[in-house]
Amino acid sequence: MSIRFSIAAFVRHTLIGAMVAGSSALAQSPVDLPVATNGYDGSALQPLNPAGLPSIIATWEILDPDRISQYLLRSEAPLEYQGVRAQTRLLFSSADWNVETDPLDGSLLATRSDAAADEVPGGALAELAALPLADPFALELDARARLEQLGIPPEEIGTVVTRRVQVQGVLADGGTTRSVVHAQKVFLSRSINGVGVEGHRAVLTYTPDGVFRRALLHWPPLAQEGHRLHTTMSRAEIMARAEQAVAARDANFEQVRLRWRLLPSPTSSGDVRLTLIAQASFDELSADGAHLGERVVLDLDLEASE
C-alpha cells in the first residue's frame with residue numbers, strides 16, 4: 001500500500017495583532033472614497049499606520065546557533081558547526097537536530113535528526129489515526145512563543161494559519177483508505193505596521209499530537225533606513241491605476257481585489273528595504289465564464305515614500 005499526501009480542507013485563520021489606529025497616509029478618508037466599483041474591491045486598502053519601522057525589529061541574532069538551540073528548538077544540547085554547503089549555508093547539528101542557516105538570505109531550516117521517522121509506511125496509518133489531535137490554537141501560541149523568544153518581536157508577526165496535512169493509503173485495487181492527519185503546520189507571516197511582507201514567513205511543523213519536528217524560516221533583518229512605507233495616492237487613484245493595469249492584460253474576471261503589500265529588496269549587506277505597493281488579484285474566467293482556477297496577481301507601483 002502506498003501513501004498519498006494532501007493538504008486538508010480544514011484551514012483555520014487567526015489574525016494576531018491589529019493595525020494601530022492613527023492618521024491615514026491616504027489622501028482622503030476611506031469613508032469618502034468608493035471601496036468597490038466596476039468590479040474592483042478596494043475595501044482592504046485601509047488607512048496606513050503613519051509611523052515608520054517599529055522601534056524593535058528582528059536582527060541577525062535570530063540566526064545565532066545558540067539562540068536557535070535554546071529558544072527555537074528548546075534543546076539542552078548545543079549545536080556544533082559542521083561546515084558550509086552551497087557557499088553560503090552554514091551547517092550545524094546536535095544529537096537531536098540538524099540546522100542550516102543562510103546569513104545572506106536570512107533563512108534557516110531545522111529538522112530533527114530522526115527526520116526519516118516522518119516517512120509514513122503503510123502500517124503506520126492505524127498508529128496515526130490513534131493519536132490525539134493537538135488543539136491548533138495551542139500550537140499557534142507555541143509557534144509564536146518560539147519565534148518571539150528567538151528574537152522576532154510580536155509586532156512583526158502578522159497572520160497565523162494552521163493547516164492539517166493528511167495522508168491516505170492507496171489500496172491494491174486503486175481504492176483509498178480513510179484520511180488521517182499526518183502533521184500540523186503553523187504558518188506565520190511577517191507584517192510591518194499591519195501590512196504583510198511578501199515572501200517573509202515561518203513554517204513550524206508538529207506531529208498530530210503536538211510534538212515540534214521542523215522549522216523553516218525566511219525572515220531577513222530590515223535595513224535601518226531607506227524604506228518606503230507610505231503613499232500620498234488616494235484609494236480612488238489606486239483603483240484607477242489597477243483598472244489600467246488589468247485592462248492591459250485583456251483578462252476576463254468577475255472582481256479584482258486590492259490590498260497593501262510590502263516588497264523586500266536586498267541590500268549589499270544582506271538586510272532588506274521595504275517598498276509599499278498595492279497588490280491586485282483576481283480569479284480569471286474563460287470566455288464562456290468558467291473559472292480557470294488560475295490566480296493572477298499584479299503589483300502596482302504607488303510612488304511610495306518614506
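Assorted remarks:
- Computed lengthening from Val296 to Asn98, 0.36 nm per intervening residue step minus Cα-Cα distance: 67.6 nm
- Distances between placed amide hydrogens fall under 5 Å for Leu48 paired with Ala25, Leu26, all partners being 5 or more residues away or on another chain.
- Three-way shape label, region 202-281, alpha-carbon gyration tensor, a/c 1.5: oblate
- Shape call, region 45-171: gyration tensor on alpha carbons, a/c limit 1.5: oblate
- Protection proxy ranking, peptides 255-266, 103-114, average beta carbon neighbours within 10 Å, highest first: 255-266, 103-114
- Which of Phe253, Phe92 has the fewest Cβ neighbours within 10 Å, and the rest in rising order: Phe253, Phe92
- Distance between the C-alpha centres of region 64-95 and region 166-238: 22 Å, rounded to the whole angstrom.
- Sequence of Val180, Val186 once ranked by neighbouring C-beta atoms within 10 Å, starting from the fewest: Val180, Val186
- Length gained on full extension, Glu243 to Glu80: 53.2 nm, using 0.36 nm per residue less the C-alpha separation.
Where a number appears in this text, it was derived from the coordinates with a stated rule and is not lab data. Small disclaimer: the values here were computed from a predicted structure and weren't measured. We place every Cβ from the backbone using ideal geometry, glycine too, and count neighbours over all the protein chains shown.
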